[in-house]
Amino acid sequence: MKFDPWFFPMFRLVASLSLFLAVGLAIADEPPTVVDEGRLRADLARLLAELDSDRFEVRTHAAERLDEWVAKPELGSFLGAEFRRVLVRPDVSFEVRWRLRRWSRRLPDPPVGPVGEAPPEELDRLARQLDDDSYAVRVGATKRLDWLLGNPKLVCPVMIRLKQRLASITPGAEAHQQLEAAWQRARGAWLLNDAASEKLPAVSDEQINRWLDALTRPVSPDAVQRHSQAAAERELLDLLVRDEYLPRLIPLLNARLARDPGINAAARLQSLLDWTKPELVAEYWQGRHQLGQQHLLVGVPSLSPGATNPSHFDRADEREAHCVSGNSLSPGNYPVGEAFPHPRQENAFFQLVNLPTPRRRMAYLYFVQTSESDRLAAISRRTLNRVLTDRRVLSEPELVMLAELDPVEVSRFAGKYFLLLDDGPLAAIGPRRLGGRSSRFGIICALLAADGTKDALPGLVNAIEKNIFLPPTSLAPYRLPALAALSIAARDPWPEVDPWLARQIAKSEQLVEGRPAAAELGATAAAILLGRHGQKPAPFNLQPVGDPVLKRLRLEGYRFDDEASRKKVQQWWAEKED
């Protein structure tokens, strides 16, 4: 698990120019029709410097020109990247920073670029600037340090400097809170970095004992002593992350605990020791959001308030965990790191996370603060890749659970799954679902029709052409594979969508089997193709057909008036291709 960089490197602002020069060079404010980045960068640097001028006229003129630039779509990517570069400068004033943030919201996000190096003296300076008297300097230093965390080599040096700075300044001040927040972000990046224990200074038993002395002193009203205890606790927690120190640290903690140090000191020592116990987290997801989590020590029953049974897993590894008892889960083995259906709720699933070491336990606390959509995509990818690897036939609860997973990952999976296994009938999934009492593949196609993406192609098209889907039935009358492809063609077209739609025009199959005057595959494909090229369906004698299922898919179904209308669309497309 790594943090990705989110800012570009910076360039230095030029000195402010006089009002006379600003007026004299006004012609340079107009960006060229063809973007000349060299000239634009120079003009932008001048205008940004003028935003910070002491003269109102200069600031106003620069703001007006930059506002005009931001309104030009052809400059969006360039300005987005340049503004991001400026925002990670610690010397940018509050006025300039405020304006750039407002403009940035109107610009596209620039692509992520590589994070450069930073010498030790720059890191020292940035750490000092976090408690500078100037708000603008503090914000700039914060942004710069956050950006530098995108370089794995700098994560550990940044974290160490911020921790040292945190221990050296007076607690309780506003600067102390900001510094602690910056350190927490750096610590999270360090724990989530693959090389979290690299390049850290060696620690002797004498140093560990000094930290333990500070930690176990009696509670005092003295702020300095409490500050010293907090600093010692930070150091000991970070030492727990380093696996090579656990054989030395655990006996020292137990020895201190055996001395009967007092209630408060014993609680602090036990809190550190508790981090060394393996943990399993049961995540509860519903509606594609993580709504809850339960932390369980492996081998230790846990009875939550109001629960009937204790939650108890007696063993866990990277692939499987064994449940002894639970409230939602029955005794048995469950996958680790993958989604599995909630036994009583259709629209929910669990994921078990194995955290066998202190580092992984602490890292998880930061990991759950990262992008929820990215975490759902990763869970979905692991789950569905395992299904493909094992060539496993999905159960009916698992098929229903697919609606709760990331739609892009489900789409990628579906195209491969159709070509890997055979379709089969289902009986238990009721007609209230889009697929009705459909087949196994039919349920997946129903999900793709609802919110699938072009990632399902070309597997879906290949599967349709190979006729591997079970045909519609009276209980599941919709031609779900065709509906899925048509819906994706209209919502998220793939590169070869036009030729595919054109090939469908000749097909007269109804999209709903056994229903008089139902929408047709060929006519609906023709309407989508026409719409993609700015044509209305009415002049080609395409008649809309109301259908509640297609309406839910935001897909308009059509029929041809006659075969001559079909040939008219085919002729139009042939001429367009020529």
message = So, in region 358-388, exactly how many residues are polar (S, T, N, Q) and at pLDDT 95 or above?
response = 3
inquiry  = Need a quick list: strands (runs of 3 or more DSSP E) entirely within region 313-374 having at least 1 residues that are over 25 Å from Val410 (Cβ atoms) and touching a Phe, Trp or Tyr at 6+ places or on another chain (Cβ under 6 Å).
reply    = 320-325, 348-355
remark   = Scanning region 28-86 for residues that are within 26 Å of Ala136 (Cβ to Cβ), modelled with pLDDT under 85 and either in contact with a Cys (Cβ under 9 Å, 6 or more places away or on another chain) or of a type in the set (S, T, N, Q) (or both) gives Ser53
inquiry  = Here are the criteria: (1) over 16 Å from Ala484 (Cβ atoms); (2) touching a residue at least 24 places away in the same chain (Cβ under 8 Å); (3) surrounded by fewer than 20 Cβ atoms within 10 Å (Cβ to Cβ). Tell me which single one Arg554 does not satisfy.
reply    = (1)
ask   = If you go through region 284-322, how many residues are within 17 Å of Phe340 (Cβ to Cβ) and either surrounded by 14 or more Cβ atoms within 10 Å (Cβ to Cβ) or of a type outside the set (Gly, Ala, Ser) (or both)?
value = 18
query = From the list Gln229, Gln177, which residue is closer than 24 Å to Leu145 by Cα and modelled with pLDDT under 90?
reply = Gln177
ask   = List pairs: first in region 488-512 and in contact (Cβ under 8 Å) with a residue 60 or more places away in the chain, second assigned to a loop (DSSP other than H, G, I, E, B) and among the basic types (Lys, Arg), Cβ under 9 Å, 6+ apart or cross-chain?
value = Ala490/Arg554; Arg491/Arg554
query = Got a sec? Which helices (runs of 4 or more DSSP H) wholly within region 433-491 have at least 1 residues that are touching a strand residue (DSSP E or B) at 6+ places or on another chain (Cβ under 9 Å), crowded, with 24+ Cβ neighbours inside 10 Å and not assigned by TED's automatic domain parsing to the domain that holds Glu556?
reply = 440-451, 480-491
query = Within region 204-222, is even one residue within 36 Å of the chain's Cα centre (by Cα) and not polar (S, T, N, Q)?
reply = no
query = Within region 243-261, is even one residue part of a helix (DSSP H, G or I), touching a residue at least 60 places away in the same chain (Cβ under 8 Å) and of a type outside the set (Ser, Thr, Tyr)?
reply = yes
inquiry  = Let me confirm something: among Arg101, Arg106, Arg85, Arg89, which residue is loosely packed, with under 13 Cβ neighbours inside 10 Å, within 20 Å of Gly150 (Cβ to Cβ) and assigned by TED's automatic domain parsing to the domain that holds Pro152?
reply    = Arg101
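The values are calculated or read from the model by the stated rules, or taken from the named source; none is laboratory data. What you are looking at is a predicted structure, and each value in this text was computed from that prediction instead of being measured. Positions of Cβ are backbone-derived with ideal geometry, glycine not excepted, and every protein chain shown enters the neighbour counts.
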